[in-house]
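See below for the structure under consideration.
The values are calculated or read from the model by the stated rules, or taken from the named source; none is laboratory data. Here the structure is a predicted model, which is why all the values come from computation and not from measurement. For neighbour counting, all protein chains shown are included, and Cβ atoms are generated from backbone atoms with ideal geometry for every residue, glycine included. Only protein heavy atoms, including side chains, enter the accessible area calculation; ligands, DNA and RNA are left aside. Shrake-Rupley method; radii C 1.70, N 1.55, O 1.52, S 1.80 Å.
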There are 2 protein chains.
Amino acid sequence: MTIQDRKAEDLTYGFVGLGLMGGSFAKGIRENILNKSQAQGKIYACDIQPAVLHASREQGVISRGFTLEETETMLSLCDFVFICLYPQATLDFIETHKNAFKPGAIITDISGVKSHIAQGLSKKLPNSVDFICGHPMAGSEKEGYGHASGKIFKDRNYILMPRKENTPEHLEFFKNLVTDLGFTRIIETDPITHDHKIAFTSQLCHVLAAALVDSAEDAHITAFGGGSFEDLTRIAMINAPLWTELFSANKQELLSHIEAFENSLEAIKKLIQDDNKTVMCRVLENVREKRIAMSRIELQDNSV
Amino acid sequence: MTIQDRKAEDLTYGFVGLGLMGGSFAKGIRENILNKSQAQGKIYACDIQPAVLHASREQGVISRGFTLEETETMLSLCDFVFICLYPQATLDFIETHKNAFKPGAIITDISGVKSHIAQGLSKKLPNSVDFICGHPMAGSEKEGYGHASGKIFKDRNYILMPRKENTPEHLEFFKNLVTDLGFTRIIETDPITHDHKIAFTSQLCHVLAAALVDSAEDAHITAFGGGSFEDLTRIAMINAPLWTELFSANKQELLSHIEAFENSLEAIKKLIQDDNKTVMCRVLENVREKRIAMSRIELQDNSV
């Protein structure tokens, strides 16, 4: 029986990595999918930290934890696998374990860069499994399973990059699943567009937040904060190895957005230098209108 | 009887300008000070929009609205006056009405730049009134009385810049009042330090948010948003005339912070260009630690 003929609450879900994201998906599935009466489903997980598996098992989130040595045993049992690792580790994991997945399984990852994942997949994966490229636009500046929560997906965007190999039924199943977890807008695009857009909305923002904190004279500056600085720099409490990898993997796109930003900043700086209040006011009015339009689109429009 | 010998709930408060900030202070005073049983206090306000005065009177926030022609009548009745206007308008208002304040009154303003206000004051004000220079670090990207709320001060910073003319009793009274409104940290500094720090925490942040929105390819970008871009750019829904004035009034300080930020950004950009992952990871770790330290100081330390 194929996945789409079965109920989501009766499947076995496998997590490779039970950190902030893996843990949040596992909790979300436990709370929103497997909470149905007579649900037969299970959640399995493997992680390099045995203590995390133990805690999650104790909390009733996962049904069973697997050691790294038992990874392939776990994969052979799972109908739906979430690979919740860093980007390069995701590709390496698939390469190493490509023949261990259960035939008919859906596999997905959460990597924040997609072109090189998508390119690498076709060569690596057997035809018996269906890999759906997705990017859940949710997270936290706090890391690890201890901060995982099934609530972080509420009203968030999920970006899907369907591959020609994906069956329409699996895509439909996937969309229903993430909708049940709280995602309200599912965007479909391709990996190249994804990487271009994400370099702006996500990676550039992290670069700017990091530069802003870096340029602060001292850590006592928040005594003078009124919320703006705090909001702009919360994401500077950054997972340094992960974001180093993301910046590097999406280098060209990110650099082009940094340059566009620098041009906009330079133009505003020049208006301040020249004390050109008339044009400054017009620029700020335009920015205001553009940002208000973004909020409006965010609420109304699911097209890209 | 001087103000410090009277109860806060028995004073007459006057508002010059009943916009977002004036309206929020008026509501806060109504809800937190004048709600006491047997309170004798009143709230008066003048504003260029009669409809705002009418609405606020209807809501039971202000006790009486005054037309612009009646401004001096109002001032002559008020023990505590909040001037809630733009910076230059604040100075102009004081110049025009300096002799109309009630003797013994406390006056304060909310202007986001302070050096030129403080410099202008000594010449303008009679000795019979006590002007306390303050900057409430609270606000909203939404403007006007319609968005005013007594709740926006909760857990915020209030920056005070005591003048040699201020009596200790009046400063004490002021601090108690804003604490009752929800402010949890009162910082004392001088106007020059204020303008230097605020150029960083507030004006620079608005410049960066504006430049980021300006550099966005289109308004549909939020389909790819995961919260970071939204958090960084909320303040780009900016009150253009007000911020044009603030940028101009604090031009030199702001420019120096923009340049420091540009240097930090340039350094990070170079690491991305060179694909120098080792140093990038170290820089991001440092930024992370610095930002975490800021949060810790924010929670624990009221010294500057």
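When DSSP beta bridges are limited to those with both residues in chain A, what percentage is antiparallel, rounded to the nearest 5?
Numbers: 5 of 28 bridges.
Rounded to the nearest five, the antiparallel share is 20 percent.
Between 0 and 90 degrees, rounded to the nearest ten: what's the tilt of helix A:251-273 against the longest Cα principal axis of chain A?
For helix A:251-273, the angle is close to 20 degrees.
To the nearest 10 degrees, how steep is helix B:240-249 against the longest Cα principal axis of chain B, on a 0 to 90 scale?
Roughly 80 degrees between the two axes.
Within the protein assembly as shown, what whole-number % of the accessible surface is contributed by carbon and sulfur, with the 1.4 Å probe and all protein chains included in the calculation? Write out the running numbers ahead of the final one.
Details: 12050 of 24510 Å².
Of the solvent-accessible surface of the protein assembly as shown, carbon and sulfur hold 49 percent.
Once you sort the root eigenvalues of the Cα gyration tensor of the stretch A:190-304 as a ≥ b ≥ c, which label holds: rounded (a/c under 1.5), prolate (a/b larger than b/c) or oblate (the other case)? Before the final figure, lay out each step's value.
Values: a/c = 1.56, a/b = 1.11, b/c = 1.40.
Oblate is the answer for the stretch A:190-304, as a/c is 1.5 or above yet b/c matches or exceeds a/b.
Run through the DSSP bridge list for the protein assembly as shown and note the antiparallel percent, rounded to the nearest 5. All intermediate terms of the calculation are to be shown ahead of the outcome.
Numbers: 10 of 56 bridges.
Counting only bridges with both partners in the protein assembly as shown, antiparallel ones make up about 20 percent.
On a 0 to 90 degree scale, rounded to 10, what angle separates helix B:205-214 from the longest Cα axis of chain B?
60
Could you give me the ³J(HN,Hα) list for the stretch A:136-146, computed from phi with Karplus coefficients 6.51, -1.76, 1.60 and θ = phi - 60°, whole Hz, x at Gly and Pro?
Along the stretch A:136-146, the couplings run x, 8, 8, x, 7, 6, 9, 9, x, 4, x Hz.
How many Cβ atoms of partner chains, on average, are near each residue of B:44-51 if near means within 10 Å of its Cβ?
Going residue by residue through B:44-51 and averaging, the value is 0.
Taking every residue in B:239-252, how many Cβ atoms of other protein chains lie within 10 Å of its Cβ, on average?
On the way: counts 3, 10, 5, 2, 4, 12, 3, 0, 8, 7, 0, 1, 4, 1.
That average works out to 4.
Expressed as a rounded percentage, what relative contact order does chain A have, with Cα pairs under 8 Å and six or more residues apart? Don't skip to the end; give the middle numbers.
Working: 448 pairs, mean separation 48.0, N = 304.
Once normalised by length, the contact order is 16 percent.
Sort B:10-19, A:47-56 by packing, meaning the average of other beta carbons within 10 Å per residue, with the highest value first. Could the numbers behind the result be given before it?
Numbers: B:10-19: 24.6, A:47-56: 16.7.
The peptides rank, most packed first, as B:10-19, A:47-56.
Taking the label point 7 Å from Cα in the Cβ direction, how far apart in nm is B:LYS123 from each other copy of itself, listed shortest first?
Listed shortest first, these distances are 7.5 nm.
Under the rule of -39500 (n - 2.57) per DSSP H run of 4 or more residues, summed and divided by the residues of chain A, what mean residue ellipticity at 222 nm is obtained, to the nearest 500 deg cm²/dmol?
That comes out to -14500 deg cm²/dmol.
Please list A:263-269, A:241-247 highest first by mean number of surrounding beta-carbon atoms within 10 Å per residue. Numbers along the way, then the final one.
Numbers: A:263-269: 17.1, A:241-247: 20.7.
Descending mean neighbour count gives A:241-247, A:263-269.
Going by amide H atoms built from the backbone, whose H comes under 5 Å of the H on A:ILE43, apart from near neighbours?
Residues meeting the amide H criterion: A:TYR13, A:SER63, A:ARG64.
Please list 3J(HN,Hα) in residue order for the stretch A:15-23, calculated via the Karplus relation 6.51 cos²θ - 1.76 cosθ + 1.60 where θ = phi - 60°; whole Hz, with x for glycine and proline.
Result, rounded to whole Hz: 10, 9, x, 10, x, 4, 7, x, x.
Using modelled amide H (1.01 Å from N, peptide plane; none on Pro or chain starts), what sits under 5 Å from the amide H of A:ILE107, excluding residues fewer than 5 places away?
Those qualifying (amide H under 5 Å, at least 5 residues apart or on another chain) are A:VAL81, A:ASP130, A:PHE131, A:ILE132.
What is the stretch A:1-102 by shape, rounded, prolate or oblate, if you read a ≥ b ≥ c off the alpha carbon gyration tensor as root eigenvalues and call it rounded for a/c under 1.5, prolate for a/b larger than b/c, and oblate otherwise?
Details: a/c = 1.80, a/b = 1.22, b/c = 1.47.
Judged from the Cα gyration tensor, the stretch A:1-102 comes out oblate (a/c at least 1.5, b/c at or above a/b).
What residues of the stretch B:181-214 lose no less than 40 Å² of accessible area with every protein chain in place versus their chain by itself (probe 1.4 Å, heavy atoms only)?
B:LYS197, B:PHE200, B:THR201, B:CYS205, B:LEU208, B:ALA210, B:ALA211, B:LEU212, B:VAL213, B:ASP214
Computed on protein heavy atoms with a 1.4 Å probe, what is the summed buried accessible area for the chain pair A and B, in Å² to the nearest 100? Don't skip to the end; give the middle numbers.
Working: alone 16640 and 16620 Å², together 24510 Å².
That pair of chains buries around 8800 Å² in total.
Got the B:THR278 label distances to the other copies yet, label 7 Å along Cα→Cβ, in nm, shortest first?
Here the equivalent label points are 5.6 nm apart from this one.
What distance in nm separates the two pseudo spin-label positions at A:GLU217 and A:GLU289, each 7 Å out from Cα along the beta-carbon direction?
3.8
Which stretch or stretches of the stretch B:1-33 have amide N atoms under 18 Å from the point lying 7 Å from B:GLU169's Cα along the Cα→Cβ direction?
B:1-12
How large is the accessible surface per residue of the stretch B:147-304, computed with a 1.4 Å probe and reported in Å² as a whole number? Kindly include the intermediate steps, with their values, before the conclusion.
On the way: 6200 Å² over 158 residues.
With all protein chains present, the stretch B:147-304 gives 39 Å² per residue.
Measure out, as a whole number of angstrom, how far apart the alpha-carbon centroids of the stretch B:96-125 and the stretch A:163-198 sit.
If you average the Cα positions of each part, the centres end up 59 Å apart.
Treating the point 7 Å from Cα along Cα-beta-carbon as the label, what are the nm separations from A:GLU188 to the other copies, to one decimal?
From this label point to the equivalent ones elsewhere in the assembly: 6.5 nm.
Tell me the per residue accessible area of the stretch B:1-125 using a 1.4 Å probe; a whole number in Å² is fine.
I get 42 Å² per residue for the stretch B:1-125.
Under the definition of partner shielding as Cβ atoms of other protein chains within 10 Å of a residue Cβ, what is the mean value for peptide A:272-280? The partial results should precede the final answer.
Values: counts 11, 3, 1, 3, 2, 5, 1, 1, 8.
Partner Cβ neighbours, averaged per residue: 4.
Under the classification rounded if a/c is under 1.5, otherwise prolate if a/b is larger than b/c and oblate if not, where does the stretch B:25-178 fall, given a ≥ b ≥ c as square roots of the Cα gyration tensor eigenvalues? Can you show the working numbers first?
Details: a/c = 1.35, a/b = 1.23, b/c = 1.10.
Rounded.
Which ³J(HN,Hα) values, rounded to whole Hz and listed in residue order, are derived for the stretch B:30-45 from phi using the Karplus coefficients 6.51, -1.76 and 1.60 in 6.51 cos²θ - 1.76 cosθ + 1.60 with θ = phi - 60°, glycine and proline given as x?
Once θ is set to phi - 60°, the couplings for the stretch B:30-45 become 4, 7, 10, 10, 8, 7, 6, 5, 6, 4, 9, x, 9, 10, 10, 8 Hz.
If each of B:SER122 and B:HIS147 carries a label point 7 Å out from its Cα toward its Cβ, how far apart are those two points in nm?
With each label placed 7 Å out from Cα toward Cβ, I get 3.8 nm.
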